[in-house]
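Derivation of every value follows stated rules applied to the coordinates shown; laboratory data play no part. Nothing here was measured: the structure is a model prediction, and the numbers come from that model. As a convention, Cβ positions derive from the backbone with ideal geometry for all residues, glycine included, and neighbour counts pool all protein chains shown.
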Amino acid sequence: MAGTPLQIIAGLGNPGPEHRLTRHNAGFWFVDALARAHGAPFRPHSRYQGEIAKITVEGCELILLKPQTYMNRSGLSLRALIDYVKAPIGELLVVHDELDLAPGVARLKLGGGHGGHNGLRDTVTHCGPDFWRLRLGIGHPGDKSQVIDYVLQRASGADEQAIIDSVGSSVEALSVFLRDGAEQAMKQLHTQDQ
């Protein structure tokens, strides 16, 4: 069975040390973990307003991107990279924090709306909706008015560990995605937290 092609994996987050450990930076955690696993350093790239690392997984050359534009302008950075490498939107995977999933839960899907996520909203505005998303659960504070503070804070120790674990299982699922296809990767990822 053929794998699903990808060229770009973009983790969404906010730049700067003050944001590094916040829930909103779960997307950065994923691409950081991938880059670390492959010994690939991130380097600043002004053309894309972001940091880039290049890795090879299952024979696929991938560009990892961390936009440095702040979350609500992520789409600008993604669009610049997509245009430069001439990648189809369907070969983009955007990794982001997800309020509607519990910490430790990860979900993969193709296309859809932005669900109120500012990074996704800007990406959809600049790139259209038809890209892959890896949604890393961070839980919900319970009240809509608390969401902004909640995503910009560090999670509790247990929740942070659960998010880190979901990043690890998602890194494993990426190999399945590229080798055996999205359906198999979803099956692996979506049955782990049942």
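Filter region 104-131 down to residues that are out of contact with any helix residue (DSSP H, G or I) (no Cβ under 6 Å at 6 or more places or on another chain), within 15 Å of Ile89 (Cβ to Cβ) and surrounded by 22 or more Cβ atoms within 10 Å (Cβ to Cβ), then give me how many there are.
Adding up the residues that qualify gives 1.
Please return the ranges of strands (runs of 3 or more DSSP E) entirely within region 1-87 where 1 or more residues are farther than 24 Å from Asp180 by Cα. Please lay out each step first, then the result.
Working: elements: 8-11, 43-45, 50-57, 60-67.
Of the strands (runs of 3 or more DSSP E) lying wholly inside region 1-87, those with at least 1 residues that are farther than 24 Å from Asp180 by Cα span 43-45, 50-57, 60-67.
Consider only pairs whose beta carbons are under 7 Å apart and that are at least six residues apart or on different chains; among these, list those whose first residue lies in region 49-62 and is more than 21 Å from Leu12 (Cβ to Cβ) and whose second residue is of a type in the set (D, E, K, R) and not in a strand (DSSP E or B).
Glu58/Arg179
Please work out which residue is farthest from the chain's Cα centre (by Cα), limiting yourself to region 57-73 and to residues that are among the β-branched types (Val, Ile, Thr) and within 11 Å of Leu6 (Cα to Cα). Let's see the steps before the verdict.
Filtering region 57-73 down to residues among the β-branched types (Val, Ile, Thr) leaves 57, 63, 69.
So of that shortlist, the ones also within 11 Å of Leu6 (Cα to Cα) come out as 57, 63.
Numbers: Val57: 16, Ile63: 13 Å.
Among them, the one singled out is Val57.
If a residue has to be touching a His at 6+ places or on another chain (Cβ under 7 Å) and assigned to a loop (DSSP other than H, G, I, E, B) to count, how many in region 101-145 make the cut?
Residues in region 101-145 being touching a His at 6+ places or on another chain (Cβ under 7 Å) and assigned to a loop (DSSP other than H, G, I, E, B): 1 in total.
List the residue pairs whose Cβ atoms are under 6 Å apart, where the first residue sits in region 80-103 and is closer than 12 Å to Pro5 by Cβ, the second is among the polar types (S, T, N, Q), and the two are 6 or more positions apart or on different chains.
Qualifying pairs under 6 Å: Ala87/Gln7; Glu91/Gln7.
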